[in-house]
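> Please read through the structure below; I'll follow up with questions.
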Amino acid sequence: MAKDRFHNAVRTALEKENWVITADPYELSVAGVDFEIDLAELIAAERAGEKIAVEIKSFIGRSVVSDFHTALGQCINYQFALNEVDAQRNLYLAIPETIYQSFFQRRFVRSVIDKTQINLLIYDQTQEVIRQWL
């Protein structure tokens, strides 16, 4: 699977916060279905006993709504897969700060994120830093 455009920026941002990348890409297989969670599409990282998986999205496609649908579906599937094979690992959807400040502030989008309980990692792709963990 091709790496997301901002893959390296997010990986660097995680490393700046002392996360150790343990798989890039992070591959899962559940009941005959294979997944890759990204930092190529899924990344796995650990720090001080905490384990995470990160799905990186740039939201630079032709339609931010379409990109949102894709990211949401992937995260829901990844969460079910993690619950099956790696339940102690928390899943995060990594999104650019500019998209978070615009599209993700819309009431409907906030409601969907809240109801699906998707964790967000807000990153600045230029500075290669994490701005927020939500």
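The values are calculated or read from the model by the stated rules, or taken from the named source; none is laboratory data. Given the structure is predicted, the values throughout are model-derived calculations rather than measurements. Note that each Cβ is placed from the backbone with ideal geometry, even for glycine, and that neighbours are counted across all protein chains shown.
> Given the options Gln74, Gln101, name the one that is more than 15 Å from the chain's Cα centre (by Cα) and not hydrophobic (A, V, I, L, M, F, W, C). Let's see the steps before the verdict.
Details: Gln74 fails: more than 15 Å from the chain's Cα centre (by Cα).
None of the others qualify; the one that does is Gln101.
> Of everything in region 49-95, what is surrounded by 13 or more Cβ atoms within 10 Å (Cβ to Cβ) and basic (Lys, Arg)? Give them in sequence order.
Lys51, Lys57, Arg89, listed by residue number.
> Can you list residue pairs whose Cβ atoms sit under 7 Å apart, with the first residue in region 58-71 being of a type in the set (S, T, N, Q) and the second being part of a loop (DSSP other than H, G, I, E, B)? Count only pairs 6 or more apart in sequence or on different chains.
That search, which allows pairs on different chains as well, returns Ser58/Asp4; Ser58/Arg5; Ser58/Phe6.
> If you don't mind, there's one more thing I want to ask. Residues of region 30-48 being surrounded by fewer than 19 Cβ atoms within 10 Å (Cβ to Cβ), touching a helix residue (DSSP H, G or I) at 6+ places or on another chain (Cβ under 8 Å) and modelled with pLDDT of 85 or more, which ones?
Within region 30-48, Val30, Ala31 qualify.
> For Ile21, state whether it is closer than 19 Å to Arg5 by Cβ, touching a helix residue (DSSP H, G or I) at 6+ places or on another chain (Cβ under 8 Å), assigned to a strand (DSSP E or B) and among the β-branched types (Val, Ile, Thr). Outline the logic, then answer.
Numbers: closer than 19 Å to Arg5 by Cβ: yes; touching a helix residue (DSSP H, G or I) at 6+ places or on another chain (Cβ under 8 Å): yes; assigned to a strand (DSSP E or B): yes; among the β-branched types (Val, Ile, Thr): yes.
Taking the combined requirement at face value, the residue satisfies it.
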